[in-house]
Amino acid sequence: MSTGYQINDQEGLHYLTFQVVYWIDIFTRIAYRDIVLESLRYANKNKCLDLFAFVIMSNHVHLIVQSNCGRLSDTIRDIKKFTSKKIVETIRTIPESRNKWMLNQFGFAARQHTRNSSYQVWTHENHAVYLYSPEMIRGKIDYIHQNPVRAGIVEKPEDYLYSSARWYAGLDCLIKVCDIGLPWRTV
């Protein structure tokens, strides 16, 4: 197993990326985005997860997080496990034009790895980057918040509902974000 992008400091501040297998655009549907939000809220309340920045894009999620009890890897594993199961369950129960295709893709991905059961929604990597300086933190926050702008979804970061850019801009946000002590800027 590669040693790059691993969470070595379980209490340290990390930038993480969760990527959907085959870059499947699952988060174009509100129901699936809300599953990620629900899981992050639960982890914040029950698993010591502090969330400092986030964005949910169509096929990946970026986070800046920290564990205040020293179990970040366990918490991330639990988030990915819960969201995977809930997403597959939701694909099966809501009207979804791509349900057979997505389940087929997630099933194929699972068969490529022995540690999966029936379906694999997320890649196994988290692309964890330890953030150790204010410059790195600011750079990653800006990168996260600019994602929807670069994708042409919104003109300003704070206009994207599924992002912490709203909280940093003083607007209502869909999920509690911890203050990291850096001033807001859109550019």
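The values are calculated or read from the model by the stated rules, or taken from the named source; none is laboratory data. This one's a predicted model, so the numbers in the text were calculated from it and none came from an experiment. Positions of Cβ are backbone-derived with ideal geometry, glycine not excepted, and every protein chain shown enters the neighbour counts.
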Identity of the residue in region 147-163, in a loop (DSSP other than H, G, I, E, B) and small (Gly, Ala, Ser), that ends up surrounded by the most Cβ atoms within 10 Å (Cβ to Cβ): 151
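Conditions (1) without any contact (Cβ under 8 Å) to a residue 60 or more places away in the chain; (2) part of a strand (DSSP E or B), marked per residue:
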residue: 8; (1), (2): no, no
residue: 12; (1), (2): no, no
residue: 18; (1), (2): no, yes
residue: 22; (1), (2): no, no
residue: 35; (1), (2): yes, no
residue: 39; (1), (2): yes, no
residue: 43; (1), (2): yes, no
residue: 50; (1), (2): no, yes
residue: 55; (1), (2): no, yes
Looking only at residues in region 102-128 that are touching a helix residue (DSSP H, G or I) at 6+ places or on another chain (Cβ under 7 Å) and not in a loop (DSSP other than H, G, I, E, B), which one is nearest to residue 81 (Cα to Cα)? 122
Name the residue, out of 94, 144, that is aliphatic (A, V, I, L, M), touching a residue at least 40 places away in the same chain (Cβ under 8 Å) and surrounded by fewer than 15 Cβ atoms within 10 Å (Cβ to Cβ). 94
Those residues of region 18-36 which are under 14 Å from the mean Cα position of the chain (by Cα) and crowded, with 17+ Cβ neighbours inside 10 Å, in sequence order: 18, 19, 20, 21, 26, 27, 32, 33, 35, 36
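Do the conditions hold for residue 172, that is, is it modelled with pLDDT of 95 or more, more than 18 Å from the chain's Cα centre (by Cα) and surrounded by 13 or more Cβ atoms within 10 Å (Cβ to Cβ)?
no
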Return a yes/no flag: does region 41-55 have any residue that is under 17 Å from residue 122 (Cβ atoms), in contact with a Phe, Trp or Tyr (Cβ under 6 Å, 6 or more places away or on another chain) and at pLDDT 95 or above. no
Test result for residue 136, part of a helix (DSSP H, G or I), within 30 Å of residue 170 (Cα to Cα) and out of contact with any Asp or Glu (no Cβ under 7 Å at 6 or more places or on another chain): yes
